[in-house]
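Inspection log for the structure reproduced underneath, given as structure tokens.
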Amino acid sequence: MHPSAATLTGGTDPPRRGPAKKRGNYNCGRCGLPKKGHICSSSPAAALPPRSDHRLRRALSFDEEEAEVTTPLPEAAGMELTEEDEEEEMVEVGGGLALPESCLAKVLRRLSLKELMGSALVCRGWRECVRRVWISADEIRVRVSQIGFVGSVLHKCANLARLSLIMESDADSTVLACVAFACPNLECLEISLTKNAVNRITGDELGRFVAEKRSLSVLKVSGCSNLGFLNISSASLSTLWLSDLYCISRMALHCPNLKELSLSFIQKTNDSTDLVNMMDSLGRGCPSLRNIHIASALLCNDAVRALSDANIRGLRMLSLILGSRITDASVASIIACYTNLELLDLSGSSITDNGVGMICNALPRTLSTLRLALCPNITSSGIQFATAQLPLLTLMDCGMSICDSSCDDQHPQDSMIDIDEEASESRRYQRFLAKKPNSMHQKLLIKHECLKKISLWGCSGLDALYLNCPKLVELNLNSCTNLHPERLLLQCPNLGNVHASGCQDMLIGAIRNQVLNEFTAVENQFSLKRLADGSKRVQLPRFPPQVLYEDEKRKRIRPTQCTLHLK
């Protein structure tokens, strides 16, 4: 018989497969024997139908195979691999080598968007693997120079939940339309601008986008100088950040589940925004607010009083910065309505030590973060009183509040570490602080059990500093030009970072010696004792046994490596 005829008519051999047929493992995944003519005895399920029947059903199962290709990877869906996934397809990677499809997908996830799109052109196996990567992606961060490129990427990501766009070109309504069409399940959107990009999105376009995206919960947009007005209504929005606002004629927020609101305005003298009406509307449209941050030079006592009258009961964090017209009267309005504040930031205000005293008397059991930077009417006495009366305080920032008016070479923009104000705002307040009549140097003594971060940047009027804070991990002394090295005492065994840019060389040397001596004291506190002749001997413990003493010693002798930052 002719060989070809035997191949076609024989019932034992499977028909030849076309070149497009996917090939898996030739051995059984359960017992390891060859699959050809094999019925696995370890499998309780029924035997598969003959290959010929499966071949005939190929035209009917084509749609099923396509749906199977677009299924997300098991790890992306948060599931564990089952026994059926053990026989996954092997994809050639070159050089006669092959990898499982899941392993190749993990490698492809580390590529950039352009590299990932290029990988899909290698072969069919890579294209299918890249397709799975697109589908399983839930977060993308991309720099946008052409909006068409973003559109070609986003329509492939059906499950995208978080998107961050860094605009290198101008942003307009086309960006919002592209995102709204390609990402139906988007939960978080962040749009930021590079140096030369401009945001041309209007308030009407932004409000329409938020109303259409019913699953959107986080929205952060920068460069919002062309909004004109705000009319945002959403039942799902929980976080709203808008920066670089300018001349907002009207604001209407109807977001019952909004938890965090941040509004930052451009510092210009001709800004016509009515902050009083804006504050008054927050209580009616956003009753669930917990965190409020507003940065504007138009902040005044009337605006703060309107915010207090809004009576937002769940408010925990309040930040009103750069309002030079905020006085102690505003402090009285705040503490009368909001007695559970955990964070209070009044940087750039005109409050005095009396206002600090009111804060300490009203919030001793809740306040953990107090920021009073750029407040020229606050002295070291008010700062010491705050640290003594607030036992839960963990962060204290009073940068450029204790200043010497005779220092004209201050550059606060070089001294700011972990502070929210921009360099332009610091330069504006530098001119304001230069008018301060009091130039007498002051001393500061802080003893606190919970403080972890203290910022004294730009305190050129500080002459002596004593810190006894066991949990302090970060100290900022940038541009403390008049701090005397012999009047510096740091008793902070856990200090990890000290910022001393712009300080004198002798002060930097004193800081190094203080930190090293502190660590030496921790090591020798329990084991050594110096005698009158200068020699040392081991001092044995009285009560605990020797084994317990070794354990205690092993825990204590772990000095933190302190880093001194000079740039």
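What shape does the stretch 234-389 take by its C-alpha gyration tensor, where a ≥ b ≥ c are the square roots of the eigenvalues and a/c under 1.5 counts as rounded, a/b above b/c as prolate, and the rest as oblate? Judged from the Cα gyration tensor, the stretch 234-389 comes out oblate (a/c at least 1.5, b/c at or above a/b). Extending each Cα 7 Å along its Cβ direction at residue 443 and residue 247, get the distance between those two points in nm, one decimal. Distance between label points: 5.4 nm. Across the stretch 453-502, C-alpha contacts under 8 Å between residues 6 or more apart give a mean separation that, scaled by the residue count, equals a relative contact order of 43 percent. On the principal axes of its alpha-carbon atoms, the stretch 268-310 has extents of 32, 17, 16 Å, going from largest to smallest. Across the stretch 212-354, the mean sequence separation of Cα contacts (distance under 8 Å, 6 or more residues apart), normalised by length, yields a relative contact order of 17 percent. Note that the stretch 94-197 carries a Kirkwood radius of 14.7 Å, evaluated over its alpha carbons pair by pair. Checked against a 21 Å cut-off, the cross-linked pairs 106/156; 220/453; 453/567 give Cα-Cα distances beyond that limit for 220/453. Each of 273, 370, 315 was scored by the projection of its Cα onto the charge dipole of the stretch 266-373, and the greatest displacement toward the positive side belongs to 315; charges sit on the C-beta of Lys, Arg, Asp and Glu.
Computed FRET efficiency, Cβ-Cβ of residue 392 and residue 512, R0 41 Å: what is it to the nearest 0.05? Given R0 = 41 Å and the Cβ-Cβ separation, E is 0.80.
At most 10 other Cβ atoms within 10 Å and a DSSP loop assignment: could you name the trypsin sites (Lys or Arg not before Pro) in the stretch 135-231 that fit?
195
For the stretch 94-197, a simple Cβ point-charge model (Lys and Arg +1, Asp and Glu -1, everything else neutral) yields a dipole of about 420 debye relative to the Cα centre. Centre-to-centre, using Cα atoms only, the stretch 276-300 and the stretch 468-517 are separated by 39 Å.
Just so you know, all these numbers are worked out from the coordinates, no wet-lab data involved. In this text the structure is predicted, and so the values were computed from the model without any measurement. Reconstructed Cβ throughout: ideal geometry from the backbone, glycine too, with neighbour counts over all protein chains shown.
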